[in-house]
Structure formats: structure tokens, C-alpha cells
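Right, one structure below, let's go through it.
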Amino acid sequence: MDVNIYLPRQYYEKTQSKAIPTIFYLSGLTCTPNNASEKGFWQFQADKYGFCIVFPDTSPRGEGVPTDPENSWDFGIGAGFYVNATKQPFNKNYNMYQYVHFELPNELNTYFNKETVEIDFLDNVSIAGHSMGGFGALSGYMKNLSKYKSCSAFSPIVNPMNVPWGQKAFNGYLGDNKSEWKEYDPCELVKTVKNTENKTILIHVGTSDPFLEKQLKPTSLLEASKGTTWEDHINLKFAEGFDHSYFFISTFVPEHAEFHAKHLGLI
Ligand SMILES: N[C@@H](CCC(=O)N[C@@H](CSC=O)C(=O)NCC(=O)O)C(=O)O
């Protein structure tokens, strides 16, 4: 697996009195850490506000790592779906939930913070993601509300239990026990996780996204949140004419960066 990390100018100039906070950005199907690093344009925003940004990989990789038997791009390598697989043969390597929310932050903390905490990978942290990664960000955030200061997503898969990408992934990684699926599905988590601090989630989706109706179904999250502590706390914005691409993502990265910067105490 690879990981890309951008350290802002404040890290080198030592101008920030507090430890530099971190945004974890979870990428979508088929991505390596390079897609978002090269096309998301987060770096300028990181320098503007003074946060570090981490781009984890989307699955385990390497010799002996199983993948989709049909070799399609929506399951297996490049498509780890940010869950801990419980089904063989994926349960050995595909522990992406554990990896992105715990293992990687702890590794980075040990690697960078030898004597003092210069970059905060553990406490003052936020999460964002795109598509499969938007799902990963929403799900991981709701399951770890006290860990993340804020969450945002671009074109997320909000209800994986009820769309083809999610059903294929959950069947393959978790098996057919739907109660395990519910533990990751944002449309289920809004009903069980209490938003006691009145947190708000920011979501952008393009109206010309080819995956909108079949895979993303963002309004399902608003529906599911009705009558829960998340009602009116999901700020879903439709971007007229935008698609699923990094042209769309990079257009709205500045708004997401400002949203996270506020919650990380940078502005
Ligand atoms: N290869 C596929 C397209 C796959 C695709 O659109 N991947 C998206 C994420 S989709 C949901 O998780 C992506 O981020 N691609 C990388 C990029 O740089 O755009 C096909 O052939 O249709």
C-alpha cells in the first residue's frame, strides 16, 4: 500500500504555535493515493489554513492479496470500501476500517512526532472523502464521533446496503449477515448514533453525476435522518451541471477546506 502526505508551509516555517491538525481524505473506487494528490488541489488550501492532509490507499495491495474473481474495478484491489472484512479470503488483508481510522494515524504519529507533537494525527483531526471514500468518511465519522472534529464528502455512496456497488462490496467482504452491513451504512448509523454536539456534515453532489441515481442516492441520507438527531445537520448541496470527476471535486475543495479549517480551530 501507498500513502501520500502533504505537510503545509507552516510545518517548515514553524509559524503555528499549536500542532498542525490533519484532514484524512478517503479516495474512491480505482484510486491510488495519487488521484486526489494530483487532481484535488488540496495542497493550496493546506498552506492557506495550516493543516496536513493524508491520502490513504483504497485497499491492500501486493503479492498474495486476493481481488475480484471477475477482475472488475468495483471490488477487491482499489476498492476496499473502508470496512473490516469478515469473510474469507478477504478478512486477512482487507481491514481498511481499522487501517484508516486507527493503524495509519498511529503509524504517522510514531513516525513524525519523535519528541513533541508537531503534527496532530490523532486528536485534532477531520475526515473527507469521495464516492466510495465519501461513504468511508461518513461511516467512519459517525462510528467515531468523538475522534473527528468534522466530516465532509463529495458524491458519497450514502446507502451502500441498497445500491449495487455497496451490495457487491458488503456481500464480498462481510457476507450475507445484514446486521453487519448496518454497522457501516450511514443511513442506518444516523438512526443509532446520537449527534449530541449538534455537528453538521457537508456534502456536495453534481447534478450530472452519472452515478447519482443508481449508486449515490444522496437524498436517502436526508430521508433517513428525519426524526433523528441528525435532521437538519446534513448540509447536502447539489452542484448544477457537475459530474463525478476531479474537476467537480477540485471546484468545491476550497469550501470543504474552509469548513474543516473552522472545526479544526484554524480560523
Ligand atoms: N474506471 C471506471 C471509473 C471509476 C471511477 O469513476 N472512479 C472514481 C471513483 S467512483 C466511486 O468510488 C474516481 O475517483 N476515479 C479516479 C479519477 O481520477 O477520476 C470506469 O471505467 O468507468
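The values are calculated or read from the model by the stated rules, or taken from the named source; none is laboratory data. Here the structure is a predicted model, which means the values were calculated and not measured. Backbone-built Cβ (ideal geometry, glycine too); neighbour counts: all protein chains shown. What goes into the accessible areas is simple: the full protein's heavy atoms, side chains included, and nothing from ligands, DNA or RNA. Shrake-Rupley method; radii C 1.70, N 1.55, O 1.52, S 1.80 Å.
Residues that are touching a Gly at 6+ places or on another chain (Cβ under 6 Å) and hydrophobic (A, V, I, L, M, F, W, C) within region 188-239 comprise just one, Ala239. Highlighted here are the helices (runs of 4 or more DSSP H) found entirely within region 147-259 that include at least 2 residues which are crowded, with 17+ Cβ neighbours inside 10 Å and within 14 Å of the ligand (Cβ to nearest atom): 164-174. Within region 121-141, if we keep just the residues that are in a loop (DSSP other than H, G, I, E, B) and away from the ligand (no atom under 16 Å from the Cβ), the residue that is nearest to Asn4 (Cα to Cα) turns out to be Phe121.
Give the number of residues within region 18-36 that are away from the ligand (no atom under 11 Å from the Cβ), farther than 14 Å from Ile267 by Cα and not aromatic (Phe, Trp, Tyr).
Count: 4.
Look at region 179-195: where a residue is free of Cβ contacts under 8 Å to residues at least 40 places away in the same chain and a partner is outside any helix (DSSP H, G or I) and surrounded by 20 or more Cβ atoms within 10 Å (Cβ to Cβ), sitting 6+ places away or on another chain with Cβ atoms under 8 Å, you get Cys187/Val158; Cys187/Asn159.
A residue that is on the phi > 0 side of the Ramachandran plot and more than 17 Å from the chain's Cα centre (by Cα) occurs nowhere in region 177-185. Apart from one condition, Thr86 fits all of (1) in contact with a Pro (Cβ under 9 Å, 6 or more places away or on another chain); (2) touching a residue at least 40 places away in the same chain (Cβ under 8 Å); (3) open to solvent by 40 Å² or more (accessible area, probe 1.4 Å); the exception is (1).
From the list Met132, Met142, the one residue that fits, being touching a helix residue (DSSP H, G or I) at 6+ places or on another chain (Cβ under 9 Å), open to solvent by less than 20 Å² (accessible area, probe 1.4 Å) and closer than 16 Å to His244 by Cβ, is Met132. Considered as a group, the residues in region 81-120 that are assigned to a helix (DSSP H, G or I) and of a type in the set (Asp, Glu) include one that is farthest from the chain's Cα centre (by Cα), and that residue is Glu107. Restricting region 37-62 to residues that are over 12 Å from the mean Cα position of the chain (by Cα), touching a residue at least 40 places away in the same chain (Cβ under 8 Å) and within 10 Å of the ligand (Cβ to nearest atom) leaves a set whose member that is least open to solvent (accessible area, probe 1.4 Å) is Gly40.
Looking at the structure I just gave you, is Pro33 touching an Asp or Glu at 6+ places or on another chain (Cβ under 8 Å) and buried (at least 23 other Cβ atoms within 10 Å of the Cβ)?
When the stated conditions are applied, Pro33 does not pass them.
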